[in-house]
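Trainee: First the structure, then my questions, so here it is.
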Amino acid sequence: MQTSNVETNIIVTGRHIEVTDAIREFATKKIQGIHIDYPRIVEARVVVDVQKDRQMAEIVLFCADHITIQASTVAADLYAAIDETVTKIMRRMRKHKTRLMKHFRPHRSKSIRKLDEKVYEEDVLDFDVDIDAPEDPKPVRISREGYDLKTMYKEDAIMELEISGKPFVLYRNARRNVLQIVYRIRPGEYSIIELGNELKA
C-alpha cells in the first residue's frame, strides 16, 4: 500500500512564469501528501500558468496499470489553484478505487472461478541450513517491512490483492480462523495456501 509519494518523480514547469523554489516546493509537498493507496503514482507533472487575468494549475498523474489522472483549476491565487487541483485529483482517485472495488468484489453467494487451497505443515516453514548444500547466491538487497495481519473473508483478501498490487496477501480467514496466503495465478484465477494448524493461535 502506497502511503506516501516521497519517491515519486515530480516535474514542475511554468508557462508565462518562472517557477520559483517556493512554488516548486509547495507543489511537491502537496503531491507527496496524497495518501491514496490506489492507484500507485509513478510520475507527476505540474504545469502552472500565470496570465494577467488568471492563474492556472494543471496536474497530471501517471500511475501504475496505465492509469492517467488529470485535473486543473483557475483561481485568483496560484497557490490556491494548486491546492484545489490536488483536491480534485484525490476525489478522482477515490472514485477510480471505488469503481475498481465494485468490479472485483465477488458476491459471497458465488464461487471464485478457480481457487485451489493447499495445506502446508510445519516442515515447510523449516529454514534450517544444510551445511553440505552448495552456498546460495547472496541477494543484492533484502528489505524488511511490517505487515498488518487482518482478519477477513477470502473474497475480501482477493479484492485487496487486486487494488494493492501486492504479489500476495496474508490474512486470517474470518470463517475458519486459520492463516492463509492468497496469490494470483493469472488474471481472474487465484490460489490459496493454508498454513498448518500450529499457526492458528
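Trainee: Starting at 0 and stepping by 5 Å, how many percent of the alpha carbon pairs of the stretch 9-104 end up in each bin?
Mentor: Spelled out per bin, shortest first, that is 3, 14, 25, 24, 16, 10, 5, 2, 1, 0.
Trainee: I need the calculated FRET efficiency for the pair Gln70 and His35, taking r as the beta carbon distance and R₀ as 22 Å, to the nearest 0.05.
Mentor: Between Gln70 and His35 the formula returns 0.65.
Trainee: Right, next: Give me the one-decimal nm value for the distance between modelled label points at Glu7 and Leu149, 7 Å along each residue's Cα-to-Cβ direction.
Mentor: Rounded to a tenth, the inter-label distance reads 2.6 nm.
Trainee: Quick one: of the DSSP bridges fully inside the stretch 9-104, what percent are antiparallel, nearest 5?
Mentor: 75
Trainee: Further question on the same structure: Would you mind checking which residues have amide H under 5 Å from Arg40's amide H? H placed 1.01 Å from N; only 5 or more apart, or other chain.
Mentor: Ala64
Bear in mind that the values in this text are calculations on the coordinates, not laboratory data. Please read all numbers here as calculations on a predicted model, not as lab measurements. Backbone-built Cβ (ideal geometry, glycine too); neighbour counts: all protein chains shown.
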